[in-house]
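The values are calculated or read from the model by the stated rules, or taken from the named source; none is laboratory data. All values derive from a computational prediction rather than experimental measurement. Neighbour counts are summed over all protein chains in view; Cβ atoms, including those assigned to glycine, are modelled from backbone coordinates with ideal geometry. Ligands, DNA and RNA are excluded from the accessible area calculation, which covers all protein heavy atoms including side chains. Shrake-Rupley method; radii C 1.70, N 1.55, O 1.52, S 1.80 Å.
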Amino acid sequence: MQRRRIDLTSGDWDEGRAFPKHDTTEFPYRLFSAHLEFQEAALDYCLGIVSRAGSGQRERRMAFWGTLALMRCVSSSPAAALSALRNRIANESDRLEPQIYDEDGEDEDAVDIEPGTAFAIDPELNALMARAENLVHEADPKMAALVDTLGPLIKKGANPVVFCRYLATAEHVRNGLRKAFPKLTIEAVTGVLTPDERRDRVAEMAPADDDKQLSRILVATDCLSEGINLQQLFDTVVHYDLSWNPTRHQQREGRVDRFGQPAELVRSIMMFSPDSAIDGAVLDVILRKANKIRKTTGVTVPLPDERGPVTDALMASMMLRRGTHRQLSLDLRLDDGTRALETSWRDAEENEKKSRARFAQNAMKSQEIAPEWQKVRSLLGSPADARQFVERAMARFGVPLEVRKTILLA
């Protein structure tokens, strides 16, 4: 039998107290004219690369992947865009697609280094790098939106985790937040730290017993989206960068929204710009579809296994938003990929519905099981019973009992 969270918190099982309530909101922000012009120039350059790609399937896919990789960095931050434009295909081409779609092996961490591009150096690319370098030193509308988002929450005592996609963006956000909230404890955890160093840095953010309870902010890349539980120190998740894999959003929020969270309410905030063609494409092609399935089935489904249609649909969506003529889309047959992706999403939804029906426990009645469960709980004892047992045992042996605050991170 499958026992999902929705099965425990709904109906007559009376387990709503075991998990916090979850409030999900979106925070759209507008781009400044210089940032919008930079994104449009980068997209025009990338679409030109795609249109000049060879007729071979591999050449075309490489152009698509390079375009999407660069546009991810552009939408993340000028710092990430500059790093990607300067990197000259630092990673192997067969690793580019998994990084675009936030896929990582079971035995490896999420990669947060900006991908290199395979584009040849030319005057147009040099001009993009010059634009990105200038924007790094100018006011950032996305950063300003983040401060506006966090300000009211900080006043309410919230302790946010801000998830970024790339290393350069995380460092940029940490520095910006330290200027905006100088009295708060603000740290960043990225892939430059070892797993032990990440754990230690998070643990060091726990307030001492005699400290005043001030909010803390953790900026992290997806190297922290698995492995370390954050529910005892943080209660809010901000998706500063949209993940291109729906399950990654779930993993980020699952670091905070989990059993043992002392706050009654956990918030998650998804930031995006309606001015950004890449944000709009990801929302329409991936995240909105996955969210619809989640509302229907209660489960977040991963991306379809075949990435080709996903790539085609993203490219077609960006072209449509940019106003690029339809002939390029027809020449590359991107509409075929969009239709194939829609079919894949429908199949995933139907498969999840069948799975839920197959393993559901609708035949289990809470009024029949509750008495047995109460017997077991009385035998196991409560946390108060366990504490009383330890105190009596220590007193019997004449050993003083010292109470310390412990932060569990795993």
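Overview of values
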quantity	calculated
Test result for ALA281, open to solvent by less than 50 Å² (accessible area, probe 1.4 Å), of a type in the set (A, V, I, L, M, F, W, C), farther than 30 Å from LYS183 by Cα and in contact with a Leu (Cβ under 6 Å, 6 or more places away or on another chain)	yes
Check on LEU96, open to solvent by less than 60 Å² (accessible area, probe 1.4 Å), part of a helix (DSSP H, G or I) and at pLDDT below 80	yes
Residue in segment 225-238 that is open to solvent by 10 Å² or more (accessible area, probe 1.4 Å) and of a type in the set (Ser, Thr, Tyr) present	no
Long-range neighbours under 7 Å by Cβ, at least six apart or interchain, first residue at negative phi and in a loop (DSSP other than H, G, I, E, B) within segment 287-301, second of a type outside the set (A, V, I, L, M) and open to solvent by 70 Å² or more (accessible area, probe 1.4 Å)	THR300/GLN250; THR300/ARG294
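Okay, residues lined up against (1) surrounded by fewer than 20 Cβ atoms within 10 Å (Cβ to Cβ); (2) out of contact with any Lys or Arg (no Cβ under 8 Å at 6 or more places or on another chain):
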position: LEU146; (1), (2): no, yes
position: PHE163; (1), (2): no, no
position: HIS172; (1), (2): no, yes
position: ALA180; (1), (2): yes, yes
position: THR185; (1), (2): yes, no
position: VAL189; (1), (2): no, no
position: LEU193; (1), (2): yes, no
position: ASP196; (1), (2): yes, yes
